[in-house]
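Since the structure comes first, as structure tokens, the remarks are kept for the end.
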Amino acid sequence: MEKPIRSPLFPLLMSGFYQLLKLVGLDSTELIAYVPRIFQFLVGGAFDIVLLKLNELYNPGTQAIMVLVSLSNWYTATLMSRFLVNSTEALLTLVAFYLWNRRSEGWNDLWSRLIVILCFCMRPTSLFFWAIVWPYELLTMKTPFIGRVKFIFKNALTLLGMVALSLLVTRWWFGIWQLIEYNFLYVRDSCNSV
């Protein structure tokens, strides 16, 4: 068996929608063709809503400007509506970041970290965002030393959760203990060196 380089989580998510259509008896050819478009519409709409909520945290009272910027953004208009898995990764990362910014309110920190773990298992490139945010937060914290240690410990547990879930998903789907993210980077580096 070849070494897998992609996680099965996103295709499983999409197949869940198809199974739901089959269960309710709506699995016509036309509707099956439109499910990815409907899902993309929902992802795009949810992304815009969460982006506005995040903007309200940082810049209260600027929703009108944010809507204008978002609707006139070339990236949002062209690419956000084309690549479904990338848009889903962007939405999950944005939701996790929104919850992370509100981590002092109840369970938001835990939910944020769980979404980060899921997003990493679906698309490992989502880790790059957090590789910038977490060290920045650590360096700018205004808490005592024990607060910094707790923060490092939480991030270490999150990274451990990422690796553990990735290994479990790979074992469950492919039947082997492999770290898909390592395989992806290895294959990518091998292709670039040729």
The condition of being open to solvent by less than 90 Å² (accessible area, probe 1.4 Å), touching a residue at least 12 places away in the same chain (Cβ under 8 Å) and farther than 30 Å from residue 165 by Cα holds, among 51, 57, 9, only for 57
Across (1) free of Cβ contacts under 8 Å to residues at least 40 places away in the same chain; (2) over 27 Å from residue 6 (Cα atoms); (3) part of a helix (DSSP H, G or I), residue 143 clears everything bar (3)
Reported set for the range 63-75 where residues are surrounded by 14 or more Cβ atoms within 10 Å (Cβ to Cβ) and hydroxyl-bearing (Ser, Thr, Tyr) is 70
Counted residues in the range 18-36 being in a helix (DSSP H, G or I) and over 21 Å from residue 94 (Cβ atoms) come to 13
The condition from (1) out of contact with any Gly (no Cβ under 8 Å at 6 or more places or on another chain); (2) within 25 Å of residue 133 (Cα to Cα) that residue 23 misses is numbered (2)
Within the range 87-124, residues open to solvent by less than 50 Å² (accessible area, probe 1.4 Å), under 22 Å from residue 185 (Cα atoms) and out of contact with any helix residue (DSSP H, G or I) (no Cβ under 6 Å at 6 or more places or on another chain) come out as 90
For the range 98-115, pairs from a residue that is at negative phi and assigned to a loop (DSSP other than H, G, I, E, B) to a residue that is at pLDDT below 90 and open to solvent by 70 Å² or more (accessible area, probe 1.4 Å), with Cβ under 9 Å and 6 or more apart or across chains, are 102/57
Log entry, pairs with first residue in the range 167-180 being exposed (fewer than 12 other Cβ atoms within 10 Å of the Cβ), second being assigned to a helix (DSSP H, G or I), beta carbons closer than 8 Å, six or more apart or on different chains, reads 176/170; 177/167; 177/170; 177/171
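The values are calculated or read from the model by the stated rules, or taken from the named source; none is laboratory data. Remember, predicted model here, so these are calculated numbers, not experimental data. All Cβ positions, even for glycine, are placed from backbone atoms using ideal geometry, and neighbour counts span all protein chains on display. Accessible surface is based on the protein model in full, side chains and every heavy atom, while ligands, DNA and RNA are left aside. Shrake-Rupley method; radii C 1.70, N 1.55, O 1.52, S 1.80 Å.
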